[in-house]
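Here is the structure we will look at.
The values are calculated or read from the model by the stated rules, or taken from the named source; none is laboratory data. No experiment lies behind these values; they were computed from the predicted model shown. Every residue, glycine among them, receives a Cβ derived from its backbone with ideal geometry; neighbour counts consider all protein chains shown.
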Amino acid sequence: MAGVFNTRVYEVVRRIPKGKVATYGQVAALAGNPRNARFVGYALHSNPEPGVIPCHRVVFRDGSLAPGFAFGGPDRQRALLEDEGVSFVPPAADRENTGSEGWLVDLQRCQWQE
DNA sequence: TTTATGACAATTA
DNA sequence: ATAATTGCCATAA
């Protein structure tokens, strides 16, 4: 099909439990390619399997998400994650948020762990 | 058909 | 310690 990696990513993202989030790097690593974090997002962009793959649970290593490419806006993603029980924390001021409302997912508590 | 770019992360200088 | 570069697969033009 459209590449093994792509299919692998979908499978991994689909495994992310509700209330948890995974970073691109983690998904890429589980997909078998720890260096392919870039294509993880591209895979979701290419064929996000609407309704099947929770793209909103995939966030940056910093805890933020893709600004402008979120299924409706970063604000929308925060609402979805909060609704699932994901904890949000204010920016560390040291780490400038990539595009969220200024709030980052608490990877310390909500990062998906296999 | 080939070339260039893309939701990032890790490594090396 | 920080900064800049590299790496990987797939898709679009």
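Could you say which residue among A:Phe5, A:Phe39 is within 13 Å of DNA strand C (Cβ to nearest atom), farther than 19 Å from A:Glu114 by Cβ and not in a loop (DSSP other than H, G, I, E, B)?
The unique qualifying residue is A:Phe39.
State whether the residues of region A:78-94 include one that is touching a Pro at 6+ places or on another chain (Cβ under 7 Å) and modelled with pLDDT under 95.
No, region A:78-94 contains no residue that is touching a Pro at 6+ places or on another chain (Cβ under 7 Å) and modelled with pLDDT under 95.
Restricted to region A:42-57, and to residues that are near DNA strand B (Cβ under 6 Å from one of its atoms) and either assigned to a loop (DSSP other than H, G, I, E, B) or surrounded by 17 or more Cβ atoms within 10 Å (Cβ to Cβ) (or both), which residue is nearest to the chain's Cα centre (by Cα)?
The selected residue is A:Cys55.
With respect to A:Ala70, is the statement that it is at pLDDT 95 or above, surrounded by 14 or more Cβ atoms within 10 Å (Cβ to Cβ) and of a type in the set (Gly, Ala, Ser) true?
So A:Ala70 fails the test.
Would you mind finding the one in A:Ala2, A:Ala37 that is surrounded by fewer than 13 Cβ atoms within 10 Å (Cβ to Cβ) and of a type in the set (A, V, I, L, M, F, W, C)?
Only one candidate passes the filter, namely A:Ala2.
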